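Quick note: the coordinates plus some simple rules give every number you see, no bench work behind them. Just so it is clear, the structure is predicted and the values come from calculations on it, not from any experiment. A quick note on method: Cβ atoms are made from the backbone with ideal geometry, for glycine too, and the neighbour counts reach across all protein chains shown.
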Amino acid sequence: MDTVENMSPELLAFEARLAKDEVIEPKDWMPADYAKTLLRQISQHAHSEVIGMQPEGNWVLRAPTFRAKKILLAKIQDEGGHGLYLYSAAETLGMDRSQMIDQLHEGKAKYSSIFNYPALNWADIGAIGWLVDGAAIVNQVSLQRTSFGPYARAMVRICMEESFHQRQGYEIMVRMMRGNEAQRQMAQDAMNRWWWPALMMFGPHDKDSAHTQQSMKWKIKRQSNDVLRQRFVDKTIPQAHFIGLNVPDPDLKYDEETKSYQIGEINWDEFNQVIRGNGFCNHARLSHHKKRIGKESGYVRLQLHTL
Ligand code: FAQ
């Protein structure tokens, strides 16, 4: 463990900068493990944005109106853009995008568990925008203050776009809840299937989270998994109730004192299965990605060192 006596002058200066909330830039000195943690998190975030285009992409040709189709197309395009900003931010740490993609294809890098669930009906597109983008915003607003400059700046623009995405999803849910009984049932069914996986997006409980403690010391993460999950819960449940959706949690309680909801236990076995590759769509998502931009696809990838 580092003590002030055995810390190098560079490390002392780095810690002092963090303590003053200074932003760390790519050419600044940084501990190797700080860079490694950032590269892991930012590249996984980038992979999530790009893999996350798949469940929605499936619905572009099936959108119920031309307006809905245009909005969905614009949203999916934004997600691709988010992937690009994030890959660019990660590349400033010295690894090029093709290497990150190889890590994804080899199972060495993850992407968000949420994208291993299928989008079965049009209400799922509403639930993805409202719940998945809604959860992503809560996490990403916090990351706007992350200590690494390129990541923090990417988050600012991403959050603005995610906020539009969240609203387009909620609009779909509102419309379906104002529709006929079959449409209301579709919306409730989507809520039932996406609620718990959306809560899992924030990662394991703080006590079980391998990286939170160190990432918070480095100010890579500004708030813990549980704090952000609770913020999402308190923000989203009133939105569900407002349009008449039930939250599929028999243990849900409202605490008048803290003005906060207490949720039931998350199914961590399911979460672990999904991140180990055994979710409904893991195989389909990765094989589609490999087919499109894998080594054998014929897609020419730019290598940083050739630029
Ligand atoms: N899925 O110690 P922690 C979006 C892994 S963007 C899969 O707590 P950490 C926009 C974790 O990597 C959604 N794996 O980890 C959109 C670690 O494994 P590792 C993506 C997960 O990093 C919407 C292990 O478990 N957002 O949705 C998950 O401190 C619609 C231990 O966990 C981000 O990536 C999970 N849910 O905290 C796009 C945000 N949770 O790496 C298209 C940035 C945990 O050691 C359509 N990332 N793991 O092998 C973060 O804020 C953090 O990385 C957390 C996890 C909070 C996700």
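Within a straight-line Cα-Cα reach of under 17 Å, residue 27 can be paired with the following aspartates and glutamates, leaving aside sequence neighbours fewer than 8 residues apart in one chain: 10, 15, 91, 96. Charged side chains reduced to their Cβ positions (Lys and Arg at +1, Asp and Glu at -1) give the chain a dipole of some 1080 debye around its Cα centre. Restricting the range 64-151 to trypsin sites (Lys or Arg not before Pro) that sit in a DSSP loop and have at most 11 other Cβ atoms within 10 Å of their own Cβ leaves 108.
Measuring against 28 Å, Cα to Cα, the residue pairs 69/290; 235/290; 207/235; 20/108 contain 235/290; 20/108 as the ones spanning a longer distance. Summing Lys and Arg as +1 and Asp and Glu as -1 over all other residues whose Cβ lies under 10 Å from the Cβ of residue 265 gives a net charge of -2.
Between 280, 148, 202, where does the largest GNM mean-square fluctuation fall for the chain, given springs only between Cα atoms within less than 10 Å? Judging by the Gaussian network model, the answer is 280. Simple spin-label estimate for residue 185 and residue 163 gives 3.8 nm between the two label positions (7 Å along the Cα-to-Cβ direction from each Cα).
Estimated from helices alone, the mean residue ellipticity of the chain at 222 nm is -18500 deg cm²/dmol (sum of -39500 (n - 2.57) over DSSP H runs with n ≥ 4, per residue). Computed extension gain for residue 270 through residue 258, at 0.36 nm per residue and net of the alpha carbon distance, reaches 1.4 nm. Rounded to the nearest 20, the Cβ-based charge dipole of the range 1-153 about its Cα centre (Lys and Arg +1, Asp and Glu -1) stands at 780 debye.
Summarising the amide proton neighbourhood of residue 260: residues at separation of 5 or more, or on other chains, whose placed amide H is nearer than 5 Å comprise 255. Applying the Karplus relation 6.51 cos²θ - 1.76 cosθ + 1.60 with θ = phi - 60° to the range 99-111 yields 3J(HN,Hα) values of 5, 5, 5, 4, 4, 5, 5, 8, x, 8, 10, 9, 9 Hz, where x marks Gly and Pro. The alpha carbon centroids of the range 205-231 and the range 73-110 are separated by 22 Å.
Extension gain for the segment residue 3 to residue 106, taken as residue separation times 0.36 nm less the Cα-Cα distance, is 33.3 nm to one decimal.
Applying the criteria of a DSSP loop state and at most 13 other Cβ atoms within 10 Å to the chymotrypsin sites (Phe, Trp or Tyr not before Pro) of the range 5-104 yields 29. Amide H to amide H, with H built 1.01 Å from N, residue 112 comes under 5 Å of 48, counting only residues 5 or more places away or on other chains. Both the radius of gyration and Dmax for the chain are 20.2, 70 Å, in that order, over alpha-carbon atoms.
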